[in-house]
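FYI, it's all coordinate maths here, none of it is from the lab. This structure is a prediction, so every number in the text was calculated from the model and none was measured. Neighbour counts are summed over all protein chains in view; Cβ atoms, including those assigned to glycine, are modelled from backbone coordinates with ideal geometry.
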Amino acid sequence: MKNDATQGQFRRLSETGRDRVSFTLDGQLREALVGDTVMTAVLSQAWQLRVSEPGGDKRAGFCLMGACQDCWMLTESGERLRACTTFIVPGMRLRSKPKTPDEA
Ligand code: FES
C-alpha cells in the first residue's frame, strides 16, 4: 500500500452512521464518530498520532491495547493521554507535538 499522507492510516469499513463528534488536532477542526478512541479519531484522518521528542520520529501506536505507551498525545492544556484507551469527547483539543516556547 502506498503511503498517502493526505489520508489516514485507518479506514472505516462499518458503523459509519454513528453520530459525529467535533474535536481539534493541532488547532484544526476535525470530526470523529461517537465511540471512537482518540487513536481511531486521529488515525482515520492523519498519518501519525504525534512526533516524538527528541528526534522527531512519527509515532502511530504499536500495541493498540494500552501496554506500550507509544500512543501518548497531548491536550492543549498540556495533559498527556493514551490515544488507544481514551475515548474522544466533543470539543477535545489535541496536539501532536508539545507547545513551542513561543506558544507557551
Ligand atoms: S498503542 Fe500501545 S499503549 Fe496505546
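Computed quantities for the displayed model
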quantity: Only one of 35, 61 that is at positive phi and surrounded by 17 or more Cβ atoms within 10 Å (Cβ to Cβ); calculated: 61
quantity: Any strands (runs of 3 or more DSSP E) falling wholly within segment 10-104 and containing at least 1 residues that are aliphatic (A, V, I, L, M), in contact (Cβ under 8 Å) with a residue 40 or more places away in the chain and away from the ligand (no atom under 13 Å from the Cβ); calculated: 20-25, 28-33, 93-95
